[in-house]
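The values are calculated or read from the model by the stated rules, or taken from the named source; none is laboratory data. Note that the coordinates shown come from a computational prediction; the quantities given were computed from them, not determined experimentally. When we count neighbours, we look across all protein chains shown, and the Cβ atoms used for this are built from the backbone with ideal geometry, even at glycine. Side chains are part of the model used for accessible areas, which takes the heavy atoms of the whole protein and leaves out ligands, DNA and RNA. Shrake-Rupley method; radii C 1.70, N 1.55, O 1.52, S 1.80 Å.
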Amino acid sequence: MTCQKGGSTIVSSKSGVRLVLASASPRRLELLAQVGITPDAVRPSDIVEAPHTAELPRAYAARLARQKAQAAEMAVDEVILAADTVVAAGRRILEKPKDTAEAHRFLTLLSGRRHKVYTAVALRDHSQIRERLVASAVRMKRLSEGEITAYLATGEWRGKAGGYAIQGAAAAFVPWISGSHSAIVGLPLAETIRLLRAAGVACP
């Protein structure tokens with residue numbers, strides 16, 4: 001893995017280590033690029049993403065990130081970075097909507113109230129899995145039916161936990177957050193960098 005800093009290339013401190021991102025999310029690639037990190041490979045993990053009976057949102061996010069890291073194929077010179085984001089209204093997990101009707105129900109539920117976003121990160125090398133979980137609170141303004149309908153028409157909700165993307169048009173719906181904006185988007189950058197440093201593969 002290499003990092004960009006001040007226009008020059010900085011090689012990771014553990015010589016020859018390759019960083020693999022176990023996620024197909026373009027948002028996570030973009031977030032890593034913001035801090036000058038370019039994975040050597042993108043290798044999404046194929047796991048079943050479904051909560052266990054009575055599983056709480058925080059535990060669900062942590063389990064999925066860990067399983068994604070464990071499921072990814074890893075060569076001897078690689079480390080695996082995986083993450084998962086869960087949106088929760090109380091104890092209810094709001095996953096990626098299956099269709100427009102479900103996205104409408106999610107936005108109606110979140111309208112005018114606070115909810116939690118849990119993003120877990122797991123970094124696997126050949127000796128251990130390092131993990132972090134960030135919980136953020138988000139308040140969504142009260143949405144009119146017209147606002148919900150117009151947002152659904154953009155299609156931005158597709159593939160987004162909770163049915164919205166804070167980094168897109170839905171930013172206009174969110175007057176307040178407490179926590180990590182990058183975690184709400186999909187990857188807590190400060191915590192991820194600390195994990196990479198602990199594994200010896202981050203920028204100085």
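Just the number, please: percent antiparallel of the DSSP beta bridges in the chain, rounded to the nearest 5. Counting DSSP beta bridges with both partners in the chain, the antiparallel share is about 85 percent. Given axes a ≥ b ≥ c from the Cα gyration tensor, I'd like to know whether the chain is rounded (a/c under 1.5), prolate (a/b larger than b/c) or oblate. Prolate shape, in that a/c is at least 1.5 and a/b is the bigger ratio. For the chain, the relative contact order comes to 22 percent (Cα pairs under 8 Å, sequence separation of at least 6). Note on residue 33 and residue 142: the extension gain reaches 35.9 nm, defined as 0.36 nm multiplied by sequence separation minus the Cα-Cα distance. Pick from 65, 82, 169: which residue has the top mean-square fluctuation in a GNM of the chain where Cα pairs under 10 Å get a spring? So, out of 65, 82, 169, the one fluctuating most is 169. Expressed as a whole percent, the accessible area of the chain that falls on carbon and sulfur atoms is 51 (1.4 Å probe). Stretched out straight at 0.36 nm per residue, the stretch from residue 190 to residue 126 would grow longer than its current Cα-Cα span by 20.7 nm. Think of each Lys and Arg Cβ as +1 and each Asp and Glu Cβ as -1; about the Cα centre, that makes the dipole of the chain roughly 660 debye.
Roll a 1.4 Å probe over the protein chains and send me the accessible area per residue for the chain in Å².
Computed with neighbouring chains in place, this is 47 Å² per residue.
Charges were assigned to the Cβ only: +1 to each Lys and Arg, -1 to each Asp and Glu. The resulting dipole of the stretch 54-168 about its Cα centre is roughly 660 debye.
The value of relative contact order for the stretch 76-140, using C-alpha pairs under 8 Å at least six residues apart, is 38 percent.
Across the stretch 94-203, C-alpha contacts under 8 Å between residues 6 or more apart give a mean separation that, scaled by the residue count, equals a relative contact order of 33 percent.
With a Förster radius of 41 Å applied to the C-beta separation of residue 102 and residue 76, the computed FRET efficiency comes to 0.45. Comparing mean-square fluctuations of 57, 188, 44 from a GNM of the chain with C-alpha springs under 10 Å, the top value falls on 44. Across 116, 98, 68, mean-square fluctuation computed from a Gaussian network of the chain (C-alpha pairs under 10 Å connected) peaks at 98.
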